[in-house]
Amino acid sequence: MHVLFDEAGKILAGKILSEAEASAQVELDSGKRLKVKAANQLLRFEKPAPADLLSQAQALAAEVDLPLAWEFAPTDEFGFADVTADYFGAASGVVQQAGMLLALHEAPHYFRRAGKGRFRKAPADIVAQALAAIERKKQTARQIDAWADELVQGRCPQPVGEQLFRILLRPDKNAPEYKAVVQASRAAQLPPLALLKNAGAIPSAYQFHWRRFLFEHFPQGTGFAAGLSAPAMPGDLPLAADVQAYSIDDSHTTEIDDALSLQGLGSGKVTLGIHIAAPALGMQPGDALDLASRARLSTVYMPGHKITMLPGDVVQACTLAEGRAAPAVSLYVTLDEGTLAIEGSTTRLERVPIAANVRHDLLDGVITPEWLAGGDQDADAVEKAQAAIAIPRAQLAFLYRLALHLKARREQVRGKPETFNRPDYNFRLPGKLADALPTGEERVEISARQRGAPLDLIVAETMILANSTWGQWLASLGVPAIYRSQSRLAPGIKVRMGTKALPHAGIGVPCYAWATSPLRRYVDLVNQWQIIACARFGQTAALAAPFKPRDSQLFGIISAFEAAYAAYNANQGALERFWTLRFIQQNGIDQLEATVIKEQTGAAWLVRANALPLVLTAMGPAGLARGAQVRVKLGEADDIALDISGAISEVLHAAAPAASGDGAYDDSDEDADGADATTTVAGALAIALDLDEPEAGDNPAS
């Protein structure tokens, strides 16, 4: 004897081996044995065999006219045998009964299950809704098939193109556009990115990277809300009448937020003025400008373009532009001219006359240590340089001497000298309009800027001095601030942000609070509010400062800033890599000299180009040492994946492994018009689309 039964919602059939009062031992064709309760046994039969019955029943179920069966079905609860007799006639056999059972069981939109083998008719309106949903599912499936076919044939349907970044980065896995890309990728045996590129969904590599960044971080666009205007500065700020300040920045810098001045040179007592643009004097925490800047947290830099943290008219109102007396928070440091010992400091809120905006990228080749020491140079070059520099050479010479002294003092604390082994790189797109977004087709010029050049060192050391001095001052008054700290100088010990004034071992200072770039970093703006409170209220500043001790807002700002700053730096690094690959293509560079960084896997080595900001993986011989100089033959660049392959064609000379720990210092680039440019290897674009993950929502009746 055989039995057809319901096992956890599945209709199965098997041979009865033995029976008890309330159950039977049943063996399936697979050999598996089950204990089947009497209530779950739906139909007993002698013939055909269980497997044959299920096969014939499934074929018959597919032919059942469900609307007709629904019409015939009783209004009240019924069993499958009742409908079988009405549908197939009184002579219906076991195959017809099993076929009808399967048909009813697999049509929940027509028949609701009321028990084992028992059903109820679904109401007419529910049936209509279910049928409409099924039809929509079928139409969607047909649309997915059509879109997938187009993608495989190299054409991108408009709806898929419009959802490009959502599909790649933040997909809705039930969306038809996503399913079409998955289906086409499997059919074409191509990664989704390559498939979409071949289909024309990515007409411009530069636009792809730009729009990808906007999708992730500026989904509402880069414009500011209407109604934001330049802040009104206090009308009672005194004028620093005896001060002539000079800023030192890159030619493309518009957010000029620091300047220097010297007084008393030659008198034995020198006063160094470090003057910082003061947007915090006209903004208040919680106002519209603060909310706008807190939403961005930093200016976003990239070759040929930037997204400012503050609106343009606010920047123009606060920037330290030459020829004006700009509102500033000034730190005056008194020094012994001979020994360079610091004898005291004071902070003032004032208007500072800006004598000139000096552009270091135009002068680094002239203002050398030899020139500052009074060495002989070509007379015409000296005359032209002096006219362009605007800062008296004696002041520059003193500032450079002071910078070297401050650096040496920090290195004593660090326990090892700072080494600037690699240059920074400047990217210029000479044909691009000033305010226009690059198209990606412009010619690009890449030039090296060696870190540690006199002007670079002057600004770096004076900004470190200001950030460290203000950090200690805030801590002494019990006013909270946001600090950067590093517990010790060792591999793996990272720089962290927090509200405690802890040592920064990498720089060699007792504490370090970013406060010298308030036009372009929100952390600096927060710290400037706290510094202004200290300057106005002194010992009672903790009561008047906008942010109080253990203020939860500070921790929220730190968390949001670190995430945004990392994302913005990654975007800058990606677009710098894009332009580096463009530079290689535009100049027909097929090989370059590089330095081995480390072994990857097998015969693959990570190498850094000696004359370009490029790190790549190159295949090469085994046994190379870190620091070995090699010649690399370049493969084809992929400006979508930002990848380029290479092969080591020649070992120029081997090198012993370099000492570990070099280059741990990462905070000196305080004057750069942008974030620290870290060069990384770009592999395949990280996307969220996963071809191996099961798709959701496969039930057509759901």
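Some values worked out for this structure:
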quantity: Cross-chain or 6+ apart pairs with Cβ under 8 Å, the range 300-329 first and free of Cβ contacts under 8 Å to residues at least 40 places away in the same chain, then open to solvent by less than 30 Å² (accessible area, probe 1.4 Å) and not β-branched (Val, Ile, Thr); calculated: ARG324/PRO353
quantity: 1 or more residues among the small types (Gly, Ala, Ser) and open to solvent by 10 Å² or more (accessible area, probe 1.4 Å): qualifying strands (runs of 3 or more DSSP E) within the range 298-368; calculated: 325-336, 342-359
quantity: Qualifying residue in the range 461-468 (condition: part of a loop (DSSP other than H, G, I, E, B), within 28 Å of the chain's Cα centre (by Cα) and in contact (Cβ under 8 Å) with a residue 60 or more places away in the chain); calculated: no
quantity: Subset of the range 584-614 [in a helix (DSSP H, G or I) and open to solvent by 40 Å² or more (accessible area, probe 1.4 Å)]; calculated: GLN585, GLN586
quantity: Within the range 443-474, considering residues that are of a type in the set (Gly, Ala, Ser) and modelled with pLDDT under 95, the one surrounded by the most Cβ atoms within 10 Å (Cβ to Cβ); calculated: ALA460
quantity: Subset tally (residues that are in a strand (DSSP E or B) and among the hydrophobic types (A, V, I, L, M, F, W, C)) for the range 1-50; calculated: 15
quantity: Single residue of ARG212, ARG170 found to be in contact (Cβ under 8 Å) with a residue 24 or more places away in the chain and farther than 30 Å from ASP313 by Cα; calculated: ARG170
quantity: Unmet requirement for ALA232, which otherwise passes all of (1) of a type outside the set (Asp, Glu); (2) within 30 Å of ILE274 (Cβ to Cβ); (3) in contact with a helix residue (DSSP H, G or I) (Cβ under 6 Å, 6 or more places away or on another chain); calculated: (3)
quantity: SER660 within 31 Å of the chain's Cα centre (by Cα), of a type in the set (S, T, N, Q), at pLDDT below 65 and surrounded by fewer than 16 Cβ atoms within 10 Å (Cβ to Cβ); calculated: yes
quantity: Residue ranges of helices (runs of 4 or more DSSP H) in the range 62-150 with at least 3 members open to solvent by less than 20 Å² (accessible area, probe 1.4 Å), modelled with pLDDT of 90 or more and closer than 24 Å to ASP52 by Cα; calculated: 94-105
quantity: The one condition in (1) part of a helix (DSSP H, G or I); (2) open to solvent by 20 Å² or more (accessible area, probe 1.4 Å); (3) in contact with a Phe, Trp or Tyr (Cβ under 8 Å, 6 or more places away or on another chain); (4) in contact (Cβ under 8 Å) with a residue 60 or more places away in the chain that PRO546 fails to fulfil; calculated: (1)
quantity: Selected residue [closer than 30 Å to PRO285 by Cβ and free of Cβ contacts under 8 Å to residues at least 40 places away in the same chain] from GLY623, GLY556; calculated: GLY556
quantity: Residue satisfying condition, being surrounded by 19 or more Cβ atoms within 10 Å (Cβ to Cβ) and over 27 Å from ALA59 (Cα atoms), within set LEU169, LEU164; calculated: LEU164
quantity: Pairs, first over 28 Å from LEU612 (Cβ atoms) in the range 413-426, second modelled with pLDDT under 80 and exposed (fewer than 15 other Cβ atoms within 10 Å of the Cβ), C-beta under 8 Å, six or more apart; calculated: LYS416/GLY661
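Conditions (1) acidic (Asp, Glu); (2) on the phi > 0 side of the Ramachandran plot; (3) open to solvent by less than 30 Å² (accessible area, probe 1.4 Å), marked per residue:
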| residue | (1), (2), (3) |
| --- | --- |
| HIS405 | no, no, no |
| VAL413 | no, no, no |
| PRO417 | no, no, no |
| ASP424 | yes, no, no |
| LEU433 | no, no, no |
| GLY478 | no, yes, no |
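Let's see how each residue does on (1) surrounded by fewer than 22 Cβ atoms within 10 Å (Cβ to Cβ); (2) part of a helix (DSSP H, G or I); (3) not acidic (Asp, Glu):
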residue: LYS173; (1), (2), (3): yes, no, yes
residue: LYS179; (1), (2), (3): no, yes, yes
residue: ARG186; (1), (2), (3): yes, yes, yes
residue: LEU196; (1), (2), (3): no, yes, yes
residue: GLY200; (1), (2), (3): yes, no, yes
residue: PRO203; (1), (2), (3): yes, no, yes
residue: ARG211; (1), (2), (3): yes, yes, yes
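The values are calculated or read from the model by the stated rules, or taken from the named source; none is laboratory data. Predicted model only: the values in this text are computed from it and were never measured. Cβ sites come from the backbone with ideal geometry, for glycine too, and all protein chains shown count toward neighbours. Areas reflect the complete protein model, heavy atoms only, side chains present, ligands, DNA and RNA absent. Shrake-Rupley method; radii C 1.70, N 1.55, O 1.52, S 1.80 Å.
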